[in-house]
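Contents: one structure, followed by commentary.
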């Protein structure tokens, strides 16, 4: 990745504000925040496995919509991300 | 130990599995023949709704008897059967349907089934995601929901407890008559009691029986705990179930214990193809969204279809045929899950000459032959 | 919303880009559909924030991106194709909205996904695919000074190691499950492919201080809520290494769900095609990994042939046949070199989860005699991944194949399934409007 500042985007992850490079995915934002994307049906913490939209491990709530895949979704200004 | 078998059950769906359990409880050593996987036919395409129906006295008798058997069994069911006594709400959209609610209430009350009328307000409180306003509904609290393939698996597993030598024979039965079941791999199984529990394809094994395929579809969503509490069925469902020709859909949704929503229901005659029928699924989901607007934004994970076994009078075929070795346990249309236990009990009662809790007569296969004989006679006399 | 095109290309990886560009440069009205926010697929995945100069993939990628930019192509990014609703119409969804995409000819370039095999601890955050980790880094994941172990199988392992090191990660080691005996002939055969030699040398130079172990694989990943260390079998001995990421993938599986849904004939999990890259369905072409895992060069060639053939420029397409033959040979050697060894079947324990969507342990699944039985009784494969992870693993572990593909081939909003033209519903009864 080229060095230097790009456009930056301001979002919140689990209520905490986060400023991140434009072009970053929501999955990356979650990783940077230190959270896991989701809890599995038996309560295990999970993060992205395939990072290409087929494993569904990266699901989180984005702007109130649950079960949203985050690895192909670019962060947008004032996006609200909640992990389970 | 393989043969000799006291009975052979063909079909390891929920009806076959229930029959297997009743036979083995009665001390029989049996074989069960299955061509694909346990619970993989209509059992896998059923909603798993255990419901008391009021279409006719005979249907009421069978469904309520069977529901009480499920109630008795419920404590023993393992978690993967996902049995939950969530109750049914029959949803009334208008005054005409509210009148139907009253009729149902009267029917149930007289017969000791607990039901409660919900007005518009209490319906909305019971199910906040239903559109408002609706006229109201009828809540039947003893109805339950469950996951049928694992229920079939459980019943078969219990059968193995009673008959440790139970043979689950994988293969397609080509013939079942005169004491022999012949499989596609050439294997021949012998018994004095053969039970055809093959659902929608029962006529392939027993030609001439009045069972027709009636296709249905289901859609399941991702997990949305709390979205839905009861099985919701529109009262118009009954008209859909009664139609003998048209394709139809009705609002019918179920909360699974996983928090997923199971969405039905559709009915088609003369659809032989087991693939998903997009138009009818679209119509079914459209109808569901009409009753619950927020369903349309839920994530749908899978769509699948199956064939119910439909009979001309909406009652199953349970009991003997002209072939003294062959018995039927099929034709359950949309009530196979509910009535599986009672079907098996009635059949084995008959085999052993035991008294039954309810009469077997309305479900005897010969009733349809008699009716057609009567029809011929009447036609002849008119001529 | 409806779109209508002469040629629709599904998948904007190298094969799809090559197909779309080839067709568009010959005046066809072309759409390029992909569920990612921008073109490139996996191997050429970018951070959209980067400048137009993409140096990370070399001149081939830059050249094709240039041609893509200059070609008259309608790019439909962020659209996920989920069903076919008419012989020449697909439906796709984007952010809850549904659209029909109509075509005269279709080119399927749906690429491949990584094969994940279960082992104890494989579900921990931090255990991630090989291409996946690179994709995350390209889309903003900070990786400088992160300790990474790379394991699994395939040439991707080296490529990723090189890329990660360039980004400042500490790649501790690379564990390839194939044996030296299998790999050596493959390495020798690269002599016939000068481009690949250069590629290989580039990787070797970049990763020269990083040990590359053959006949090695992961045994166990451990950590509380997150990966903390991995135990590897290296040359028969177990070694435990603390790390931040375990990038682990066992080669690739073709994405054949859409071809299967359309009714294309498959063999051994790959789409059968004729010399024009046409499938068993008329006017439906397929290019790249779905016809057989083979890498970048063949994807580009097949994409061009498909695009040219669909645009009825058969002579130009034919001129690429020789190259295609050559790279198909490479593909065969690739498959042989990186074939998965049987020891990998012993990695999962009874309690190791096989289905990650429904948390179904391997022990519960393998008691069954078929995928269908296992699915019905344990619910494995019934989650949103629709068996793409667990099913591919079960194929290797247990020899089962999933028997059919049903729509939707990805989870979609209920509204997208409900959204068909109302005139088609005219023959379906419902009792009343409410």
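The values are calculated or read from the model by the stated rules, or taken from the named source; none is laboratory data. No experiment lies behind these values; they were computed from the predicted model shown. Backbone-built Cβ (ideal geometry, glycine too); neighbour counts: all protein chains shown.
A few notes on this one:
- Some residue of segment B:68-83 being without any contact (Cβ under 8 Å) to a residue 60 or more places away in the chain and outside any helix (DSSP H, G or I): no
Residues checked against (1) facing chain C (nearest Cβ under 8 Å); (2) under 22 Å from residue B:299 (Cα atoms); (3) buried (at least 24 other Cβ atoms within 10 Å of the Cβ):
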{"site": "A:26", "(1), (2), (3)": "no, yes, yes"}
{"site": "A:31", "(1), (2), (3)": "yes, no, yes"}
{"site": "A:35", "(1), (2), (3)": "no, no, no"}
{"site": "A:42", "(1), (2), (3)": "yes, yes, no"}
{"site": "A:45", "(1), (2), (3)": "yes, yes, no"}
{"site": "A:52", "(1), (2), (3)": "yes, yes, yes"}
{"site": "A:55", "(1), (2), (3)": "yes, yes, yes"}
{"site": "A:66", "(1), (2), (3)": "no, yes, no"}
{"site": "A:77", "(1), (2), (3)": "no, no, no"}
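- One residue from B:26, B:45, B:18 being at negative phi and within 14 Å of another protein chain (Cβ to nearest Cβ): B:45
- Looking across segment B:132-166, just one residue is within 13 Å of another protein chain (Cβ to nearest Cβ), closer than 30 Å to residue B:76 by Cα and not in a helix (DSSP H, G or I), and that is B:147.
- Residue in segment B:108-118 that is farther than 22 Å from residue B:250 by Cβ, in contact with a helix residue (DSSP H, G or I) (Cβ under 7 Å, 6 or more places away or on another chain) and modelled with pLDDT of 95 or more present: yes
- When segment B:200-234 is limited to residues that are more than 25 Å from residue B:52 (Cα to Cα) and within 14 Å of another protein chain (Cβ to nearest Cβ), the one that is surrounded by the fewest Cβ atoms within 10 Å (Cβ to Cβ) turns out to be B:225.
- Condition met for residue C:392 (closer than 22 Å to residue C:124 by Cβ, surrounded by fewer than 19 Cβ atoms within 10 Å (Cβ to Cβ) and away from chain B (no Cβ under 14 Å)): no
- Yes/no for residue B:123 being buried (at least 18 other Cβ atoms within 10 Å of the Cβ), free of Cβ contacts under 8 Å to residues at least 60 places away in the same chain, in contact with a strand residue (DSSP E or B) (Cβ under 6 Å, 6 or more places away or on another chain) and not in a helix (DSSP H, G or I): no
- When we screen B:32, B:110, B:51, B:81 for residues that are farther than 26 Å from residue B:320 by Cα and over 17 Å from the mean Cα position of the chain (by Cα), the only hit is B:110.
- Residue in segment C:336-356 that is more than 8 Å from every other protein chain (Cβ to nearest Cβ), modelled with pLDDT under 95 and assigned to a helix (DSSP H, G or I) present: yes
- Screening segment C:362-400 for residues that are within 18 Å of the chain's Cα centre (by Cα) and part of a loop (DSSP other than H, G, I, E, B) and picking the one that is farthest from residue C:256 (Cα to Cα) gives C:384.
- Among the residues of this structure, residue A:13 counts as one that is crowded, with 19+ Cβ neighbours inside 10 Å, closer than 24 Å to residue C:169 by Cβ and in contact (Cβ under 8 Å) with a residue 60 or more places away in the chain.
- Residue-level analysis places residue B:129 among those that are surrounded by 15 or more Cβ atoms within 10 Å (Cβ to Cβ) and within 14 Å of chain C (Cβ to nearest Cβ).
- Filtered residue count, segment C:74-93, keeping only those that are surrounded by fewer than 21 Cβ atoms within 10 Å (Cβ to Cβ), within 14 Å of chain A (Cβ to nearest Cβ) and part of a strand (DSSP E or B): 1
- Here the helices (runs of 4 or more DSSP H) wholly within segment C:94-194 that include at least 1 residues being away from every other protein chain (no Cβ under 14 Å) and surrounded by fewer than 24 Cβ atoms within 10 Å (Cβ to Cβ) are C:156-166, C:180-189.
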